[in-house]
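The values are calculated or read from the model by the stated rules, or taken from the named source; none is laboratory data. All figures in this text were calculated on a predicted structure; none of them were measured in a lab. Every residue, glycine as well, gets a Cβ built from its backbone with ideal geometry; the counts of neighbours run over all protein chains shown. For accessibility, only protein heavy atoms count, side chains too; no ligands or nucleic acids. Shrake-Rupley method; radii C 1.70, N 1.55, O 1.52, S 1.80 Å.
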Amino acid sequence: MKVLMIGDVISQLGCDFLRQKLPQLKREMKIDVVIANGENSAVGNGILPTSAKSLLDSGVDIITTGNHVYKRFEILNYFEENDQVIRPANFPDSASGKGYYIYDGGYYQLAVINLLGTSFMEPLACPFETMDKLLEKIDCKYILVDFHAEATGEKKALGYYLDGKVSAVVGTHTHVQTADEQILPQGTGFITDLGMTGPIDSVLGVNPQNVITRLRTHMPTRFEVAEGKCRMECVLLELCEKTGKCNHITRLRIE
Ligand code: FE2
């Protein structure tokens, strides 16, 4: 069983690049399921029904999000009819959308869970306790976790906490791919951050000059998506069909 997990897709440029690259990659690598983080897929940040549809039409099966999930009003109703677009599970139950999705692959079921970190981020429910509760009710051989978090330490700690309980824990949010992909001692695939899908010459997808001005002046500055060549950063997970554990994790940067 092969699963591709793709880092934060940035705006129209990232969506278009993913559409250019993903179909061929899926065919060549015989990928069964594709998961992408789409919380920055809309033009101007957040996620819109149009950007979610673009990713799904390009071959993404499940879309995860993060701290920008509710930035655009238009997505709220979309959640009601599109379960495969999920928001972090540690938001309050009353928040729009669901924190996990179970993909029915016919002879197998695969659960995708999205969580938000709480170090240097919103004070949501504890991601560790949220996972304990979810694992009590989710009964799937394959479980994949997108942990959208700022702190590397928090991401690694959750990886070890879930080692042996889920197929893989991957980090998103920092938009910088880390070179620490590994299989943890009990068989869970792990990487601190998948990276992003968007312009290479940028600061996390944004025009560097905008960020330099913001940091130098501390004044409000309009952030525009950078232009130029793109890259799609992701990992390919090969999961054991008997145990659901991760046999291989391969870090990819597609240009
Ligand atoms: Fe984020």
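Being open to solvent by less than 10 Å² (accessible area, probe 1.4 Å) and within 13 Å of the ligand (Cβ to nearest atom) is the requirement here; does A168 meet it?
Details: open to solvent by less than 10 Å² (accessible area, probe 1.4 Å): yes; within 13 Å of the ligand (Cβ to nearest atom): no.
When the stated conditions are applied, A168 does not pass them.
Output the residue which, of all residues in the range 33-48 that are open to solvent by 10 Å² or more (accessible area, probe 1.4 Å) and touching an Asp or Glu at 6+ places or on another chain (Cβ under 9 Å), is farthest from the ligand (Cβ to nearest atom).
Kept after step one, since they are open to solvent by 10 Å² or more (accessible area, probe 1.4 Å), are these residues of the range 33-48: 40, 43-45, 48.
Those left that are additionally touching an Asp or Glu at 6+ places or on another chain (Cβ under 9 Å): 40, 45, 48.
Values: N40: 7, N45: 10, L48: 16 Å.
Looking at residues that are open to solvent by 10 Å² or more (accessible area, probe 1.4 Å) and touching an Asp or Glu at 6+ places or on another chain (Cβ under 9 Å), I get L48.
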Only one of (1) under 23 Å from D83 (Cβ atoms); (2) away from the ligand (no atom under 16 Å from the Cβ); (3) surrounded by fewer than 20 Cβ atoms within 10 Å (Cβ to Cβ); (4) not hydrophobic (A, V, I, L, M, F, W, C) does not apply to S54, and that is (3)
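Every residue, every condition in (1) surrounded by fewer than 22 Cβ atoms within 10 Å (Cβ to Cβ); (2) assigned to a loop (DSSP other than H, G, I, E, B), yes or no:
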| site | (1), (2) |
| --- | --- |
| K155 | no, no |
| V211 | yes, no |
| L215 | yes, no |
| E227 | yes, yes |
| M232 | no, no |
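Okay, residues lined up against (1) closer than 19 Å to C234 by Cα; (2) at pLDDT 95 or above:
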position	(1), (2)
F17	yes, yes
E28	yes, yes
D32	yes, yes
N37	yes, yes
P49	no, yes
L55	yes, yes
I62	yes, yes
L76	no, no
F79	no, no
Qualifying residue in the range 242-252 (condition: within 28 Å of E129 (Cα to Cα) and among the aliphatic types (A, V, I, L, M))
yes
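Considering D180, D146, which residue is open to solvent by less than 30 Å² (accessible area, probe 1.4 Å) and in contact with a strand residue (DSSP E or B) (Cβ under 8 Å, 6 or more places away or on another chain)? Give the steps one after another, and end with the answer.
Working: D180 fails: open to solvent by less than 30 Å² (accessible area, probe 1.4 Å).
The conditions single out D146.
For V203, indicate whether it is open to solvent by 20 Å² or more (accessible area, probe 1.4 Å) and either modelled with pLDDT of 95 or more or under 18 Å from A111 (Cβ atoms) (or both).
Numbers: open to solvent by 20 Å² or more (accessible area, probe 1.4 Å): yes; either modelled with pLDDT of 95 or more or under 18 Å from A111 (Cβ atoms) (or both): yes.
Against the criterion (open to solvent by 20 Å² or more (accessible area, probe 1.4 Å) and either modelled with pLDDT of 95 or more or under 18 Å from A111 (Cβ atoms) (or both)), V203 qualifies.
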Take the range 58-76 and flag every residue that is surrounded by fewer than 17 Cβ atoms within 10 Å (Cβ to Cβ) and either in a strand (DSSP E or B) or free of Cβ contacts under 8 Å to residues at least 12 places away in the same chain (or both).
F73
